[in-house]
Amino acid sequence: MNTFSSNKILSSPQLSSGFSLVEMMLSITIGLMIIAALSGVLISNANSSKTNDRTAELQSNGRFALSHLQAELRLAGYRGYTPRAPESTAWTTPTINNECGTAGAFVKNIRQSVWGADNNPFATSCISTGYNDTSNSDVLVIRHVAEQPTLAASAVSTAPNMVFLRTSYNNAAVMKGDSLPTEVIGTDNFELKNFVYYIGSDDANANNPALRRVALTSICTGGVTPPCMIDEMVVSGIEQLQVQYGVANGANIQYFDAGAITGGHSATAATDWDKVTAVRIWLLARNSRVENGYTNNNTYTMGDIVYTPPAGTESIRRQLFTTVIQLRNFRN
């Protein structure tokens, strides 16, 4: 009787043979092709993700800067209870350290809701330099008071160095918190707000631009006695700021560059700036890093200039933002 032996199966040459060299090379080739295809997809997705991140950075910075300026401009000219622009000639004003413009006159010039310049007029006072002084970026000044008043007793105890506008229906005066007199009916104290916006450098990287401002504050550093004006960054990635100002002309509004409007930033009486009823803004946002394989040689029409980005930055993405803001508190 014959028996079936498993040893014969295991020792069979046909069953024990593996892959041939050709089969192995073909398998490896197919595998490499699949890996190459997957690598291409991964690289493409990574590049798309970086592009999306850069676009999001542009849009986020540009929209934030525009929204911030809109909010401040809608408050421009708000003077508490005073219904018309007050004169400031006879006011006793506290000393403001690092004050922009003319010391003793700039901060208290609150009849001037907005003021602007086509370049940097404060090089000898509060703004020493900008991100790119050859870019002709504009300077925008905004003045108003806080939305809510502060009781005199509270100001004396908690904000003695804060600057306030003490307002009534027929008068106004600039005072420090520790100088405010006793409250009387029809009079309240509003914190005074003064901002000077310009294009400067990013705090984290001097080679990157940013929207900055010089602000009136009671919190000063470096041994400076308050109140003072300090420089602070608003948002990174803003390379250019251009502004035009709308003046009512009958039923229409005509827009002018800052240089076409008469009146100084520290004036003590009425100027043509009192007639401004709207502000048109252009902001150019840019990424902080170059993008390999990307080239942008565009120029940007912004108000009275055609802006050409600095040489060597063609591989940086940019986006232009623009809006018009009506001055809600116009009443001069």
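Readers should treat all values here as calculations from the given coordinates under stated rules, not as data from a laboratory. As the structure is a computational prediction, the values presented were derived from the model and not from experiment. Reconstructed Cβ throughout: ideal geometry from the backbone, glycine too, with neighbour counts over all protein chains shown.
Please work out whether region 204-301 counts as rounded, prolate or oblate from its C-alpha gyration tensor, where a ≥ b ≥ c are the square roots of the eigenvalues and a/c under 1.5 means rounded, while otherwise a/b larger than b/c means prolate and anything else oblate? Please list the in-between numbers first.
Values: a/c = 3.51, a/b = 1.15, b/c = 3.04.
Oblate is the answer for region 204-301, as a/c is 1.5 or above yet b/c matches or exceeds a/b.
Using only Cα coordinates, the Kirkwood hydrodynamic radius of region 79-326 works out to 19.5 Å.
For the peptides 265-272, 159-166, what is the packing order when you average, over each peptide's residues, the other Cβ atoms within 10 Å and list the highest mean first? It would help to have the intermediate numbers written out before the result.
On the way: 265-272: 16.8, 159-166: 22.5.
So the order, starting with the most tightly packed, is 159-166, 265-272.
Give the residues of region 297-322 whose amide nitrogen is closer than 11 Å to a point set 7 Å from the Cα of VAL290 in the direction of its Cβ. From region 297-322, the list is 312-316. Between LEU151, LEU140, LEU284, the GNM of the chain built on Cα springs shorter than 10 angstrom shows LEU151 fluctuating the most. Taking each DSSP H run with n ≥ 4 as -39500 (n - 2.57) and averaging over every residue of the chain yields -7000 deg cm²/dmol at 222 nm.
Note on ARG63 and GLN254: with the Förster distance fixed at 22 Å, the Cβ-Cβ geometry gives a FRET efficiency of about 0.20. Pick from GLY104, GLY250, GLY259: which is most flexible by mean-square fluctuation in a GNM of the chain where alpha carbon atoms under 10 Å apart are linked? Its mean-square fluctuation being the largest, the pick is GLY250.
Arranged from highest to lowest average of other beta-carbon atoms within 10 Å per residue, in what order do the peptides 238-247, 320-329 appear? Mind showing how you got there, number by number?
Numbers: 238-247: 24.3, 320-329: 15.1.
Descending packing order for the listed peptides: 238-247, 320-329.
Would you mind checking the tilt of helix 21-75 against the longest principal axis of the Cα atoms of the chain, expressed as 0 to 90 degrees and rounded to 10? Around 10 degrees separate the two axes. Highest mobility in the GNM of the chain, judged by mean-square fluctuation with C-alpha springs under 10 Å and restricted to SER154, SER315, SER39, is found for SER39.
In the chain, Cα pairs under 8 Å separated by at least six residues give a relative contact order of 19 percent.
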